[in-house]
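A short write-up of the structure that comes next.
Taken together, the values in this text are just the output of simple stated rules run on the coordinates, not laboratory data. Note that the structure is a prediction, hence the values are computed from the model and not measured. Here Cβ is always computed from backbone atoms with ideal geometry, including for glycine, and neighbour counts include all displayed protein chains.
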């Protein structure tokens, strides 16, 4: 396994409530992934600020990142991050800035108060080769929960791997597109670690999905 200390980070909305009501909310969270990944204190960005997504493609010179984000995915009521620290305590500092900053935005926009996230952010150390080789696929495949014929992918059941790939290629709110060669939000992502292991991540994902599709129909095949 690589020497990088990698962590799978997850948090949900309190009482499983939705965190992202529309694409503006998702864009704001992506903006925060970029904005708060800096040793400098977070700017007080008002909730009505319109995030310039395109601007994320032009990183500000002089930033001192506190983590590397190797993968990410936003679902309706939770988020996944795959992160390594660039400085001691960077992961804790980053997740605190993200959760507080986004909660302030969300509460301001929707005129609510109180806790937005469900307790402390979960952080799971990627501590084995098997876990390392699985985790990026796991994060990128979360949007298949929204596809009827692929929602059982965790149980290794997919009806059509081609449809699943098409769905992933249309889902903007993860790091998959940037790994697959489509510039989406490249400025927040560090791709070198997993590209060094998998090479072509898109082909590796397709191979993984096809293996699940075959496994799904194997009981019905004649030996």
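Classification of the range 66-173 by its C-alpha gyration tensor yields an oblate form. The axis ratio a/c (a ≥ b ≥ c) is 1.5 or more, and b/c is at least a/b. Multiplying the residue separation of residue 151 and residue 129 by 0.36 nm and removing their Cα-Cα distance gives an extension gain of 5.3 nm. Here the sum of -39500 (n - 2.57) over DSSP H runs of 4 or more residues, divided by the residues of the chain, equals -11500 deg cm²/dmol at 222 nm, to the nearest 500.
Of 31, 8, the sequence from fewest to most neighbouring Cβ atoms within 10 angstrom is 8, 31. The label-point distance for residue 17 and residue 88, in a model that sets each label 7 Å from Cα toward Cβ, rounds to 3.8 nm. Each Cα pair under 8 Å and six or more residues apart adds its sequence gap; the mean of these over the residue count of the chain is a relative contact order of 25 percent.
The label-point distance for residue 4 and residue 24, in a model that sets each label 7 Å from Cα toward Cβ, rounds to 3.5 nm. Length gained on full extension, residue 183 to residue 109: 23.8 nm, using 0.36 nm per residue less the C-alpha separation. Taking a ≥ b ≥ c as the square roots of the Cα gyration tensor eigenvalues, with a/c under 1.5 meaning rounded and otherwise prolate when a/b beats b/c, else oblate, which class fits the range 143-223? Since a/c reaches 1.5 and a/b is larger than b/c, the shape of the range 143-223 is classed as prolate.
For the range 171-215, what class follows from the C-alpha gyration tensor (a ≥ b ≥ c being the square roots of its eigenvalues): rounded when a/c is under 1.5, otherwise prolate if a/b is larger than b/c, else oblate? Cα axes put the range 171-215 in the oblate bin.
For the peptides 197-208, 122-133, residues were scored by their other Cβ atoms within 10 Å and the scores averaged per peptide; the highest-first order is 197-208, 122-133.
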